[in-house]
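Structure, as structure tokens:
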Amino acid sequence: MPVSAAAPAAPVPMIGIDLGTTNSSIAVWEGGQARLIANSLGEVLTPSVVSVDEAGHVLVGRAAEHRRITHPHLTAAVFKRVMGSAKRFRLGPREFAPEELSSLVLTSLKHDAEAALGQPVREAVISVPAYFNDTQRKATKNAAELAGLKVSRLINEPTAAALAFGLHQSRDETRFLVFDLGGGTFDVSIVELFEGVVEVKASTGDNYLGGEDFTQVIAQDMAQQFGLDAARLESDGTLRNRLHAVAERCKQALGTGKSATDQLHLDGQERSCAIDEERFETLASDLLARLRKPIERAMRDSRLKPAALDSIVMVGGASRMPVVRKIVARMFGRFPDTSVHPDHAIALGAAVQAALIAQDAALSEVLMTDVCPYSLGVEVSETIAPNQNLDGLFSPIIERNTVVPASRMGLYHTMHDGQTEIDLKVYQGEQRFVKDNVYLGSLKVKVPPLKGGEINVEVRFSYDVSGLLEVDATVLNTGKKHSLTLLGHASAMSEEEVATRRAELSRLKIHPRDDMPNKLVLTRIERLYAELSGPEREAVGQALTQFTMALNSQDTERIARERKQVSQWLDGLEASPLN
Ligand code: ADP
Ligand code: MG
């Protein structure tokens, strides 16, 4: 039998993923540049929404987003906000952890990339908010593993944006601030670019501030205008999500006009609501004020004056809001830079990072360093007078804005005579008292019973380039090293659990990729049917019948033709009659 030479192995694709609260996207580094990969609908943004349909098929993206309105009990969104927590989402018969929902989004992106590249994708750089803590980062890594993806690096979102922005700078030396306001998180980084070295000087943020909060304040205001009380909204998920959709549309409309009007079909009537720029600014004033603090802290930490910055780079969908730009312009006395695409920068930057890891020749002149955005340390007690201790104090081991990877040590002693165990509680944050910081986990170190103060324990924190923490403790008296793994929150998944859940997830039926454009039309029609009334609703109902008939014919040409027709007709129907 003739022996055939094996085909040369295709190079491993260099993939970057922006796993966002609202939208996710995937990019690849190819031929010396990063490019976004479109999904089965030809779109580069995939809404981070998961739904289970009547056939038990999992839907991810735009079609799932429509089902947020028609089938709120079978649809989950904004789950990135609770990554690593014990929160579970019930979709029909099954409960999902936030990691699992994220893994379904990642699986969908992975399939899109594989379809586009014609080869398997097994590894990726995934972006996380700079301010994500250890638990949230580990949860993101677990989500990737559940999707069969190895995380070659977690990259901080503003750092990824900085890489995307930095590569296009012609100047050899420049300093800029990255302002990243997404759907659920706000991150700020100060970056210096000098002869190909991209150096993050400081990172700060707020994990609970994003565009979603701005939509919420509008939704609350509109609920008032419509006379809807909290109890009714609480019990009616469809109404709540429809109100949210109206608020979201108005928020976006305020980007191009001074005021916005919209309608909600309520109790058999078409009711309108309105909001103008001024009212929005008043409603959002608390949120706008909260943008200031992380910016001020990043400036202080980097020891730079606003004048030393060459540009303010705005990314994240919510950075498009004029009220936000106005605040930023006021803070810096100049207009922000909008040269990078706010929705694309992070995935592109993550792909640049993937290429840096793969040591792609096109980037041989580029080097990147990042920092740890928060301080990490342990809980201690201090003796303030004989027999008087002050408990619950925070002792930082790695201080914020330390260049990563970093390894730092702290030395601690026992307090009490005969103490046989030290319970090392690990925290993240900047406050003097641990109760005001974020608890990450604890480790118990066994020690021989000696007099208080006689046992010395060396605690080493190693913080890697992905922002993941490892803690080691050595009892100096015995020389015994405790290779201890941080016991995360009870809610974090163990390795075994990841394996079990992965097997379970692999049994889920995913809606076929090829059929997504048709499914999208169906879910969109269903949503409009739920939203509209009267003759319009009837027409939508007829469109559904007609399109279902086309689908049943299994005639691909006819289906494609009718899909195009009905989509255009729906576009016209969706254009607000009031604007
Ligand atoms: P994430 O990174 O969290 O997925 P994105 O960067 O995609 O989020 O931003 C999503 C947020 O941006 C949402 O809150 C959305 O309402 C907001 N957004 C998107 N487009 C606009 C717009 N034109 N005007 C105002 N807000 C917008
Ligand atoms: Mg984002």
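The values are calculated or read from the model by the stated rules, or taken from the named source; none is laboratory data. A quick note: this is a predicted structure, and the numbers were derived from the prediction, not measured. Cβ: placed from backbone, ideal geometry, glycine included. Neighbour counts: every protein chain shown. Accessible surface areas use protein heavy atoms only, side chains included; no ligands, DNA or RNA. Shrake-Rupley method; radii C 1.70, N 1.55, O 1.52, S 1.80 Å.
How far apart, in nm, are two points set 7 Å out from the Cα along the Cα-to-Cβ line at Asp555 and at Phe335?
5.4
How many nm separate the modelled label positions at Ser235 and Arg290, each set 7 Å beyond the Cα in the direction of the Cβ?
3.0
Only loop residues by DSSP count here, and only those with at most 15 other Cβ atoms within 10 Å; note down the GluC sites (Glu not before Pro) in segment 117-199 that meet that.
Working: sites: Glu123, Glu145, Glu173, Glu192, Glu195, Glu199; in loops: Glu195.
Loop-located and lightly packed - Glu195.
In Å, what is the Rg of the alpha-carbon atoms in segment 335-398, and how long is Dmax?
Rg, Dmax (Cα atoms, Å): 22.3, 64.
Quick check on segment 19-89: take the gyration tensor over C-alpha atoms, sort the square-rooted eigenvalues as a ≥ b ≥ c, and tell me if it's rounded (a/c under 1.5), prolate or oblate.
Cα axes put segment 19-89 in the oblate bin.
Give me the Kirkwood hydrodynamic radius of segment 511-579 in Å, from all C-alpha pairs, to one decimal place?
Evaluated on segment 511-579, it is 12.5 Å.
Please go through segment 208-248 and write out the chymotrypsin sites (Phe, Trp or Tyr not before Pro) that DSSP classes as loop and that have at most 14 other C-beta atoms within 10 Å. Numbers along the way, then the final one.
Details: sites: Tyr208, Phe214, Phe226; in loops: Tyr208, Phe226.
Passing sites in segment 208-248 are Tyr208.
Would you kindly derive the ³J(HN,Hα) couplings of segment 521-528 from the backbone phi angles with the Karplus curve 6.51 cos²θ - 1.76 cosθ + 1.60 (θ = phi - 60°), listing them in order in whole Hz, with x for Gly and Pro?
So the Karplus estimates, Gly and Pro as x, are 4, 4, 5, 5, 4, 4, 5, 5 Hz.
DSSP loop trypsin sites (Lys or Arg not before Pro) in segment 250-352 with at most 11 other Cβ atoms within 10 Å of their Cβ, which ones?
Details: sites: Lys251, Lys258, Arg271, Arg279, Arg290, Arg292, Arg297, Arg300, Arg303, Arg320, Arg325, Lys326, Arg330, Arg334; in loops: Lys258, Arg303, Arg334.
Filter output for segment 250-352: Lys258, Arg303.
Using a 1.4 Å probe over the heavy atoms of the protein chains, calculate the carbon and sulfur portion of the accessible area of segment 81-185 as a whole percent. Before the final figure, lay out the partial values.
Values: 1440 of 3170 Å².
Reported share for carbon and sulfur atoms: 45 percent.
Hey, what number do you get for the chain at 222 nm if only DSSP H runs of n ≥ 4 count, each worth -39500 (n - 2.57), divided across all residues, to the nearest 500?
Using -39500 (n - 2.57) per qualifying helix, the result is -11500 deg cm²/dmol.
Considering only protein heavy atoms and a 1.4 Å probe, what is the carbon-and-sulfur percentage of the accessible area of segment 308-377? Display every interim value, and only then the final one.
Numbers: 1400 of 2590 Å².
Whole-percent figure for carbon plus sulfur exposure: 54.
Over the Cα atoms of segment 46-176, Rg to Rh with Kirkwood Rh, two decimal places?
My calculation of the ratio gives 1.04.
Please report, largest first and rounded to whole Å, the three semi-axes of the ellipsoid equivalent to segment 58-112, where each semi-axis is the square root of five times an eigenvalue of the C-alpha gyration tensor.
Rounded to whole Å, the semi-axes are 16, 15, 10.
Check which residues have an amide H placed less than 5 Å from Val44's amide H, if you skip close sequence neighbours.
Asn39
Report D for segment 269-391 in µm² per second (integer): Stokes-Einstein, Kirkwood Rh on Cα pairs, 4 °C, 1.567 mPa s.
Details: Rh = 19.2 Å.
Roughly 67 µm²/s, to the nearest whole number.
Which of the residue pairs Lys110/Lys150; Lys150/Lys481; Lys80/Lys435 have a Cα-Cα distance greater than 21 Å in the structure shown?
On the way: Lys110/Lys150 12 Å; Lys150/Lys481 30 Å; Lys80/Lys435 24 Å.
Violating the 21 Å limit, Cα to Cα: Lys150/Lys481; Lys80/Lys435.
Run the paramagnetic zone check for Ser259: 7 angstrom along Cα to Cβ, then residues of segment 278-312 with backbone nitrogen under 20 Å.
Only 278-285 fall inside the zone, counting backbone N under 20 Å.
From the C-alpha gyration tensor of segment 319-358, pull out the three semi-axes of the equivalent ellipsoid (sqrt of 5λ each), sorted largest to smallest, in whole Å.
29, 10, 7
Just tell me which aspartates and glutamates come within less than 15 Å, Cα to Cα, of Lys293; anything on the same chain fewer than 8 places away is out.
Within the straight-line limit of under 15 Å, Lys293 reaches these aspartates and glutamates: Asp180, Asp187, Asp206, Asp301, Glu430.
Give me the Kirkwood hydrodynamic radius of segment 224-285, using the inverse of the mean 1/r over all pairs of distinct Cα atoms, in Å to one decimal.
Numbers: mean 1/r = 0.0805 Å⁻¹.
Kirkwood hydrodynamic radius for segment 224-285: 12.4 Å.
For the chain, what does the equivalent ellipsoid look like in terms of its semi-axes, each the square root of 5 times an eigenvalue of the Cα gyration tensor, given largest first in whole Å?
43, 29, 26
Hey, rough spin-label estimate for Leu450 and Val465, points 7 angstrom out along Cα→Cβ, what's it come to in nanometres?
4.0
For the chain, what is the accessible area per residue in Å², given a 1.4 Å probe and the full set of protein chains?
46
Order Ser48, Ser272 by their accessible area, 1.4 angstrom probe, all chains in place, largest first.
Working: Ser48 5, Ser272 80 Å².
Descending accessible area places them as Ser272, Ser48.
Roughly how far apart, in whole Å, are the Cα centres of segment 133-205 and segment 379-415?
Answer, in whole Å: 29.
Sort all Cα-Cα distances of segment 106-247 into consecutive 10 angstrom bins from zero, then give the percent of pairs in each bin up to the one containing the longest distance.
Values per bin, smallest distances first: 10, 25, 27, 26, 10, 2.
Report the residues of segment 138-181 in range of a label on Glu365: point 7 Å along Cα→C-beta, backbone N strictly under 17 Å from it.
Within reach of a label on Glu365, which here means backbone N under 17 Å from a point 7 Å along Cα→Cβ, segment 138-181 contributes 163-174.
Percent of alpha carbon pairs in segment 231-332 separated by more than 15 Å?
Value for segment 231-332: 71 percent of Cα pairs lie more than 15 Å apart.
Would you mind calculating the relative contact order of segment 1-113 from Cα pairs under 8 angstrom and at least 6 residues apart, reporting the percent as a whole number?
Contact order relative to length: 21 percent.
What percent of all Cα-Cα pairs in segment 415-458 falls in each 5 Å bin, counting up from 0?
Result, from short to long distances: 6, 21, 23, 16, 17, 15, 3 percent.
Please report how far the C-alpha centroid of segment 10-65 lies from that of segment 539-579, rounded to the nearest whole angstrom.
Between the Cα centre of segment 10-65 and that of segment 539-579, the gap is 25 Å.
Please list log₁₀ I(q)/I(0) at q = 0.08, 0.14, 0.15 Å⁻¹ for segment 338-484, using the Debye equation with identical point scatterers on the alpha-carbon positions.
With no solvent term, the Cα-only Debye profile gives -0.33, -0.76, -0.83.
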